[in-house]
Amino acid sequence: MAADLPRRAVDPAPPIFTQLPAVDGVNGKIEAFGGWVDSRWPWRRSHFTGGAIPSVSIPLGHSFGVQVDGLVAGYRGRVTGGGAAHLFWRDPSRALLGVYGSVMRVGAFGATVSRVGVEGAAYLDRITLSGVVGAEFESGARWGLLGFTPGGWLVSLGPRRTSFFDMIDVSFYATDNWKLSVGHRYVGGRHAASLGTEALLVRSGGMAISGFAEGRIGERDYKAAMFGVKVYFGQKDKSLIARHRQDDPPTWLKDDMFAASNAARYGALPIPAAAPTPPTNECPCGPCETLN
């Protein structure tokens, strides 16, 4: 009789994942930074910069995720703003692969730099290889006078340029909560070496606070030093290396900001001023006759 009873449909078994999710729940961070940038143009001096970068990461299913970054800062006396988006696949035990896009604007008379590229990372025990490569699009400012130089008026001509860019880092975690990194940047038409360190200072549940320092040394006397703190908001208490591989990918917007400023500088060209007309002794009505 039991064989004649109607059978109840069996619910399908939930999928069994053998790897951690690409993003361990909704998480985010706020990065506050400040520092100095030294450049040859237009005068050999340092310029203070400071701002904040908020980021939010969201899982898309199990193996994919998205992160959105924003930046608001003051740089060279101008208000700088921009944003970026990362769409990626990730296995936190092996690698990350995705696409990256960003846009950055420096001031009303600055330049706009936008980027489209491929983002990747490889997780090799305590070493992480990460970076973005792709195309960089620069558009100059609107027409406007920026000042007067001995060679003439300095005018923003608004050039447009498309070039290759890369931002690559090799990071070593001396401990689970201390990272050292070295890398290369080619942004805004300039090569630069990148140095950095980050250490986790406080961790409590899903929140953690770290301190960091970064430096750039590049072409045409380009130097930069930045310091700040990052406040992480996550789902669980984690070490620094776990947060970097399971929660949010790195942000690259500070280098976007410097590239946009570099584009604005190269968009300013001296326009020769008209030479003053030497005075003459001629009469306005024609040649004068000598009276005897």
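The values are calculated or read from the model by the stated rules, or taken from the named source; none is laboratory data. Computed from a predicted model, the values in this text were never measured in an experiment. Positions of Cβ are generated from backbone atoms using ideal geometry, with glycine treated the same way; all protein chains shown enter the neighbour counts.
A count restricted to region 103-129 and to residues that are small (Gly, Ala, Ser) and at pLDDT 95 or above stands at 4. Take Ala84 and decide whether it is touching an Asp or Glu at 6+ places or on another chain (Cβ under 6 Å) and of a type outside the set (Ser, Thr, Tyr). Judged against the criteria, Ala84 is a match.
Please verify whether Glu138 is modelled with pLDDT under 95 and either part of a strand (DSSP E or B) or within 30 Å of Arg245 (Cα to Cα) (or both), treating the condition exactly as stated. Spelling it out, Glu138 is indeed modelled with pLDDT under 95 and either part of a strand (DSSP E or B) or within 30 Å of Arg245 (Cα to Cα) (or both). Determine whether region 176-192 contains at least one residue that is surrounded by fewer than 17 Cβ atoms within 10 Å (Cβ to Cβ), without any contact (Cβ under 8 Å) to a residue 12 or more places away in the chain and within 20 Å of Lys238 (Cα to Cα). Checking region 176-192: not a single residue is surrounded by fewer than 17 Cβ atoms within 10 Å (Cβ to Cβ), without any contact (Cβ under 8 Å) to a residue 12 or more places away in the chain and within 20 Å of Lys238 (Cα to Cα). Going through (1) crowded, with 16+ Cβ neighbours inside 10 Å; (2) among the basic types (Lys, Arg); (3) modelled with pLDDT under 90 one by one, Arg90 falls short only on (3). If we keep just the residues of region 76-87 that are under 14 Å from the mean Cα position of the chain (by Cα) and surrounded by fewer than 22 Cβ atoms within 10 Å (Cβ to Cβ), which is nearest to Asp248 (Cα to Cα)? Within region 76-87, the match that is nearest to Asp248 (Cα to Cα) is Ala85. The set of residues in region 67-96 being touching a residue at least 40 places away in the same chain (Cβ under 8 Å) and of a type in the set (A, V, I, L, M, F, W, C) consists of Leu71, Ala73, Ala84, Phe88, Trp89, Leu96.
Scanning region 182-234 for residues that are part of a strand (DSSP E or B), under 18 Å from Trp36 (Cα atoms) and hydroxyl-bearing (Ser, Thr, Tyr) yields a count of 2.
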